[in-house]
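Read the figures in this text as sums done on the coordinates, not as results from a lab. All values reported here derive from a predicted model rather than from experimental measurement. Quick reminder, even Gly has a Cβ in these numbers, built from the backbone with ideal geometry, and neighbours come from all protein chains shown.
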Amino acid sequence: MKQKIVIKVRNDCDKCTRKAMKIACKANGVNSVAIEGSDRDQLVVIGEGVDSANLTCSLRKKLCYAALWSVEEVKAKPKQEVEKPNKPPSSTCSCGCPQLPMCPQYPPYPMLYEAKYMACWSSQARLAMATGLTIGYWMP
């Protein structure tokens, strides 16, 4: 059974806050420790099987002031299963190139293409085609 324990502690300085968090972290069964409240004087401990009275006593020994405010059960949120529709494999890749045996943009090994045969045009390739030049490219 997961439980949420709220303990009011003295918050004089950052050292006291760090000391309280270290003591709470060392307790058996603690999952998380946080400081909350408007004055940052509430130590919130969440865990399973945490002895709240023992934790409060150990905090009181080290910090001189600790008061147990509340102990409540944390209820788990029900998981909602979302059905993912099975999409058939698309006939185009992410860049819009037709995927015949494989996408020409992502070959399995370096290949040399000429600009007039490139499936995805870069600005240099467009300039070369406009001027009538052919440029060789290595595509990884």
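Worth a mention:
- The listed peptides 67-80, 18-31, ordered by packing as a protection proxy, come out as 18-31, 67-80 (highest mean of other Cβ atoms within 10 Å first).
- For the pair ASN54 and ASP12 in one chain, pulling the backbone fully straight at 0.36 nm per residue adds 12.8 nm over the alpha carbon distance.
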